[in-house]
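The values are calculated or read from the model by the stated rules, or taken from the named source; none is laboratory data. Just so you know, these numbers come straight off a predicted model, no measurement behind them. In this analysis, Cβ positions are derived from the backbone assuming ideal geometry, glycine residues included, and neighbour counts consider all displayed protein chains.
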Amino acid sequence: MERLTLPLGGAAAVDEYLEYRRRPEEDDMAFFERRYQERMKMEKAAKWKGKAPLPSATKPS
């Protein structure tokens, strides 16, 4: 088995991807609803901290 090394912050990116990807039991509406709720939660937290809302220009690959 080959060992992989990640750059600094790489582990966080992998965690984000694994959290982002579609779950096998999810249908399309459930997937997009979950992503919407996560984005609203992040924007609300950012607004509460006095920061501008996060851009929602990211697209799933």
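Just to be sure I understand the filter: pairs with C-beta atoms under 8 Å, separated by 6 or more residues or on different chains, first member in the range 5-27 and under 16 Å from GLU38 (Cβ atoms) and of a type outside the set (S, T, N, Q), second member modelled with pLDDT of 80 or more and surrounded by 11 or more Cβ atoms within 10 Å (Cβ to Cβ). Which pairs pass?
Hits for this filter: TYR20/ARG35; ARG22/PHE31; ARG23/PHE31; GLU26/ARG34.
Which condition does ARG22 not pass, out of (1) modelled with pLDDT of 80 or more; (2) surrounded by 10 or more Cβ atoms within 10 Å (Cβ to Cβ); (3) of a type in the set (Lys, Arg), if it passes all the others?
Only one criterion in (1) modelled with pLDDT of 80 or more; (2) surrounded by 10 or more Cβ atoms within 10 Å (Cβ to Cβ); (3) of a type in the set (Lys, Arg) is unmet by ARG22, namely (1).
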